[in-house]
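Written below as structure tokens is the structure these notes are about.
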Amino acid sequence: MGMLSPTDFALAKWLLTEGKALPRLDELVDALCTQLRALGIPVDRAIVSTRTLHAVYLSYFRIWRSDGNSVSDTYDRDEENMGYFERSPIRVVMETGRPVELLLEETADDAFGIVPDLKADGYVHYLCAPLRFSDGTLNHLSFATKAPGGFRPDHIATLLQMEPALASALEIRMLRRAMVDTLQTYLGDEPGRRVAQGDIVRGQVSEIEAAILFADLRGFTANSMQLGNTTLVQWLNAYYACIVPAVEQHGGDVLKLIGDGVLAIFPEREGDAPQRALAAARDAQAAIALANGQGLDWPRLNVGIALHAGTAAYGNVGSLQRLDFTVIGRDVNLASRISAVCRDTGEPILMSKRFRDRLGREAYRLGPYALPGVPDRVNVYRPFDDV
């Protein structure tokens, strides 16, 4: 690119100072478009999209519109094969690393899938350009205008000249978001947030009052010896897909996926942790019943869920080189032992006496059980179906 004009320099300076300090993608994009219009560039629509390491979302994007109808959204990984990308100017930009400019009155409707929609909405000029991050990753941005005559050549030059500064303003923010997304995917929402904020010292452990959920997939060992590896993974994923969303929907954190086990906690907030944990267990069992009714090509899911309430040590344990963010303690161990009673009795959901007492509801007592490693016999309860 050539020398920066005074306008280009002022815009780059703003992006690398005030713009860079804005904490969210939507704030940066909205403020940028306000800056562009103040400079006389008639932007009526802008999209900035950045790729992410999220397990579900392929990219985050912000759509700004001059009429105020702006929105932030995600492009999901399961949308990648639906044909949108192949029919988009974005594909050309990502494959060539060069911008695509469309004078819409002169562009055939079948040139790209987006062209008829742009024309119908009154846009006359469209520009899509790459956003290059320092590691070579290509993202993209686009601008469209309804102004008669479209963008002038100097407008196009400014929109392209600002790309390095905009990429720099975005990259640190998006790298941090990718880090948090990755940590939360593998550690859980709250542990991921805490680690991202620097809670990484070995032995940095606090006590937490919580309801504890431990789910166990019955028959895992036998089926792992019979199923092929691909089918075994699909079977496990179907199991996790029933448990994890139910936990997260009710404010819990899944801390461990332990082969056939799932360990989750529901931190005490307003005295409702047991209610949230029981609701999650019921929703998980309902999802399991639905999955089993689909006739999939693997064994039926048969899951026992144990519920307990108490105090756990919550934080970092491990060696100097390898840490694990987890919960440990007597109450966590007790929850895992109760899950064995689920297996032995065939009950879908069982709870400890302490959980029942904190829940504040009556439940059916199955009787005291001797649990491995627990000195006293433990009363175990089954929730009534009508609670």
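Bear in mind these aren't lab numbers, they're just calculated from the coordinates by the rules spelled out. The shown structure was predicted, so the numbers you read here are calculated from the model rather than taken from an experiment. Counting neighbours? That spans all protein chains shown, and the Cβs are built from the backbone with ideal geometry, glycine included.
Taken about its Cα centre, the range 6-183 carries a charge dipole of roughly 580 debye when the Cβ of each Lys and Arg holds +1 and the Cβ of each Asp and Glu holds -1. Between CYS128, ALA147, PRO23, the Cα set farthest toward the positive side of the dipole of the range 6-183 (charges on each charged residue's Cβ, about the Cα centre) is that of PRO23.
Under a 5 Å amide H cut-off, with hydrogens placed 1.01 Å from N, VAL378 pairs with TYR369, ALA370, LEU371 among residues at least 5 apart or on other chains. Give the shape of the chain as rounded, prolate or oblate, defined through the alpha-carbon gyration tensor: a ≥ b ≥ c are the square roots of its eigenvalues, a/c under 1.5 means rounded, and otherwise the shape is prolate if a/b is larger than b/c and oblate if not. It is prolate, given that a/c is not under 1.5 and a/b is the larger ratio.
Charging the Cβ of each Asp and Glu at -1 and of each Lys and Arg at +1, and nothing else, the dipole of the range 190-383 about its Cα centre rounds to 340 debye. The lysines within cross-link reach of LYS146, meaning a Cα-to-Cα straight distance under 22 Å and a gap of 8 or more places when in the same chain, are LYS119. Calculated mean residue ellipticity at 222 nm for the chain: -12000 deg cm²/dmol, from DSSP H runs with n ≥ 4 weighted as -39500 (n - 2.57), summed, divided by the residue count and rounded to 500. Each of HIS155, HIS125, HIS308 was scored by other Cβ atoms within 10 Å of its Cβ. Listed from fewest to most, they are HIS155, HIS125, HIS308. Between VAL332, GLY346, ALA284, the Cα set farthest toward the positive side of the dipole of the range 190-383 (charges on each charged residue's Cβ, about the Cα centre) is that of GLY346.
A simple rule links phi to the HN-Hα coupling: the Karplus curve 6.51 cos²θ - 1.76 cosθ + 1.60 with θ = phi - 60°, which for the range 216-227 gives 9, 8, 6, x, 5, 4, 4, 5, 5, 7, 10, 7 Hz, with x for Gly and Pro. Relative to the dominant Cα principal axis of the chain, helix 273-292 is inclined by about 80°.
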